[in-house]
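*Asks:* I am attaching a structure below and will ask some questions about it afterwards.
The values are calculated or read from the model by the stated rules, or taken from the named source; none is laboratory data. Note that the structure is predicted; figures quoted are calculated from it, not measured. All Cβ positions, glycine included, derive from the backbone under ideal geometry; neighbour counts span all protein chains shown. Protein only, heavy atoms only, side chains kept; ligands, DNA and RNA dropped before computing areas. Shrake-Rupley method; radii C 1.70, N 1.55, O 1.52, S 1.80 Å.
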Amino acid sequence: MTHAIRFHQTGGPEILVWEEVEVGQPGPGEARVRHTAIGLNYVDTYVRSGAYPASLPSGLGTEAAGVVEAVGPGVTDVKVGDRVAYSGGPQGAYSEERVIPADRLVVLPDGISDQQAAAMMLKGMTAQYLIRQTYKVKERDTILFHAAAGGVGLIACQWAKALGATVIGTVGSAEKAELAKAHGCEHTILYTRENFVERVREITNGSMVPVVYDSVGKDTFSASLDCLAPRGLMVLFGQSSGAVEPVNLGILAQKGSLYVTRPTLGTYAAKRADLLAMAQDLFDVVLSGKVKIEVNQTYPLKDAAKAHEDLQSRKTTGSTILTV
Ligand SMILES: NC(=O)c1ccc[n+]([C@@H]2O[C@H](COP(=O)([O-])OP(=O)(O)OC[C@H]3O[C@@H](n4cnc5c(N)ncnc54)[C@H](OP(=O)(O)O)[C@@H]3O)[C@@H](O)[C@H]2O)c1
C-alpha cells in the first residue's frame, strides 16, 4: 500500500484527503513510477474545484519525477530503473507511486535533477509551445506576458529574453516585480494598481505588441486585446482569475483584425515525437544556463491543501513542488 492525495467531491482545498491506495501492476503500455518530487500547477485547482471535469473519486496532478519500478507488456519507451518525469496523462501525480501510460514518460538527462524536472515539465513545456510554436518569439519583438513571476511566467520570460525579445511582464506586487526583472523582464507593470494598457502604450511608444500571453483570464482578457498591434495574437492559456465571458467576435475586427487562440499543452504534446522534441528543447535551454528553474516553495505531499491555498492566494512565485 502507498499513499496519495485524493478527493471524493469537488470544492475548496479542504476536500483533499491523504489516503492509502493500492497501486497494482502496470498493464500493457503502462509503467509504475515511484515519485521523488511532484509539481504543483494552477490547473490542479481547476480540477479540484470542479471548474474542469473529473470523474469522482479522483487522484490529482499531472506533473512529477521519479523512478520506473515496473513496466507492463509492450513497453519500449522506458525500462526499470530509469529516472523519468512527465506532464499530462491521467490525474494522479499527487501520490507516492502510481501507474501511468509509459508513452507520457521522458527519461531525464544527467544534469536535470528530479526536483527541477518536477518543477518544469508541465510549466516549461508550456513555455516552450507558447513562445516557440503558438507565436514564434523573435529577436527585437516586444511581448506582454501576464503573471510574469508565476511558475510558467518565470520560465517563459527568461526564455523569451534569451531569444532576443524585450519582455513586459505584469505582476501583483513590488516583490514579484523584482523577481520578474531578475528573470527576463525588461519592464514590469503592477497590474493590480496600474493601467497596463497605458503602460504598454508608453513602453512601446504607441506601437503596442504583436502577442499577449494571458493566463489570468477574466480580469485581463478585454484590456489585453487593447495591448495588441493590428493583426496581433491574443494567446489565452489560462484562467487564474476566472473564466472569460463569451466574446462577440466582432470586437476582433474593431480592435484591428486580431487573432485569438486558446491553446493547451495536451494538444501540442499529444504525439510522443512532439512531446520528446519539446522536452529536449526545454532540457537544452535549462542545461545551457539561459533558463533557471526556481523552486521557490516546497511542501510535503500530505500538505497539498496548504499548497493550493497559497497558490490561489497569490502567495507563491516561480515553481512549487510537493515532496514525498
Ligand atoms: N493552457 C496550458 O497549456 C497551460 C499550461 C500550464 C499552465 N497554464 C495556466 O497558466 C497559468 C499559470 O500557471 P502556474 O501553475 O504557473 O501558476 P502561477 O502563475 O504560479 O500562479 C498564478 C498567478 O496568477 C496570478 N493571478 C492573477 N489574478 C489572480 C487571481 N484572481 N487569483 C489567483 N492568481 C491570480 C498571480 O500572480 P500575480 O500576483 O503576480 O498576479 C498568481 O501567482 C494558470 O492560469 C494555468 O492554468 C495553462
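*Asks:* Could we say that residue 200 is surrounded by 20 or more Cβ atoms within 10 Å (Cβ to Cβ) and in a helix (DSSP H, G or I) here?
*Replies:* For residue 200, the condition - surrounded by 20 or more Cβ atoms within 10 Å (Cβ to Cβ) and in a helix (DSSP H, G or I) - is met.
*Asks:* OK, next. Pick from 69, 22: which is surrounded by 15 or more Cβ atoms within 10 Å (Cβ to Cβ) and either under 24 Å from the mean Cα position of the chain (by Cα) or more than 30 Å from residue 239 (Cα to Cα) (or both)?
*Replies:* 69
*Asks:* Looking only at the stretch 216-235, which residues are open to solvent by less than 20 Å² (accessible area, probe 1.4 Å) and either within 12 Å of the ligand (Cβ to nearest atom) or not in a strand (DSSP E or B) (or both)?
*Replies:* Within the stretch 216-235, 216, 217, 220, 221, 224, 225, 227, 235 meet the criteria.
*Asks:* Could you count how many residues in the stretch 256-290 are more than 14 Å from the ligand (Cβ to nearest atom) and aliphatic (A, V, I, L, M)?
*Replies:* 8
*Asks:* Please verify whether the stretch 171-182 includes one or more residues that are within 21 Å of residue 260 (Cβ to Cβ), open to solvent by 10 Å² or more (accessible area, probe 1.4 Å) and near the ligand (Cβ under 9 Å from one of its atoms).
*Replies:* no
Residue-wise test of (1) under 30 Å from residue 31 (Cβ atoms); (2) within 16 Å of the ligand (Cβ to nearest atom); (3) open to solvent by 10 Å² or more (accessible area, probe 1.4 Å); (4) touching a residue at least 60 places away in the same chain (Cβ under 8 Å).
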position	(1), (2), (3), (4)
73	yes, no, yes, no
139	no, no, yes, no
144	no, yes, no, yes
151	yes, yes, yes, yes
188	no, yes, yes, no
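*Asks:* Which members of the stretch 45-54 meet the condition of being on the phi < 0 side of the Ramachandran plot, touching a residue at least 12 places away in the same chain (Cβ under 8 Å) and in a loop (DSSP other than H, G, I, E, B)?
*Replies:* Across the stretch 45-54, the qualifying residues are 51, 54.
*Asks:* Here's something else I'd like to know. Please specify each residue of the stretch 5-19 satisfying the condition of being open to solvent by 50 Å² or more (accessible area, probe 1.4 Å) and either of a type outside the set (D, E, K, R) or in a loop (DSSP other than H, G, I, E, B) (or both).
*Replies:* Across the stretch 5-19, the qualifying residues are 8, 9, 10, 17, 18.
*Asks:* Something else: Among the candidates 315, 306, 271, 292, which residue alone is over 25 Å from residue 161 (Cβ atoms), in contact (Cβ under 8 Å) with a residue 40 or more places away in the chain and of a type outside the set (Val, Ile, Thr)?
*Replies:* 306
Let's see how each residue does on (1) touching a residue at least 24 places away in the same chain (Cβ under 8 Å); (2) open to solvent by less than 50 Å² (accessible area, probe 1.4 Å); (3) in a strand (DSSP E or B):
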{"site": "37", "(1), (2), (3)": "yes, yes, yes"}
{"site": "56", "(1), (2), (3)": "yes, no, no"}
{"site": "65", "(1), (2), (3)": "yes, yes, yes"}
{"site": "78", "(1), (2), (3)": "yes, yes, no"}
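*Asks:* I would also like to ask the following. Which one is nearest to the ligand (Cβ to nearest atom) among residues in the stretch 109-122 that are part of a helix (DSSP H, G or I) and open to solvent by 10 Å² or more (accessible area, probe 1.4 Å)?
*Replies:* 122
*Asks:* Could you tell me whether the stretch 87-104 includes any residue that is closer than 30 Å to residue 161 by Cβ and free of Cβ contacts under 8 Å to residues at least 24 places away in the same chain?
*Replies:* Within the stretch 87-104, none of the residues are closer than 30 Å to residue 161 by Cβ and free of Cβ contacts under 8 Å to residues at least 24 places away in the same chain.
*Asks:* Next up: Which count do you get for residues in the stretch 80-99 that are outside any loop (DSSP other than H, G, I, E, B) and open to solvent by less than 20 Å² (accessible area, probe 1.4 Å)?
*Replies:* 6
*Asks:* Residues in the stretch 309-318: is at least one more than 9 Å from the ligand (Cβ to nearest atom) and either touching a helix residue (DSSP H, G or I) at 6+ places or on another chain (Cβ under 8 Å) or part of a strand (DSSP E or B) (or both)?
*Replies:* Checking the stretch 309-318: at least one residue is more than 9 Å from the ligand (Cβ to nearest atom) and either touching a helix residue (DSSP H, G or I) at 6+ places or on another chain (Cβ under 8 Å) or part of a strand (DSSP E or B) (or both).
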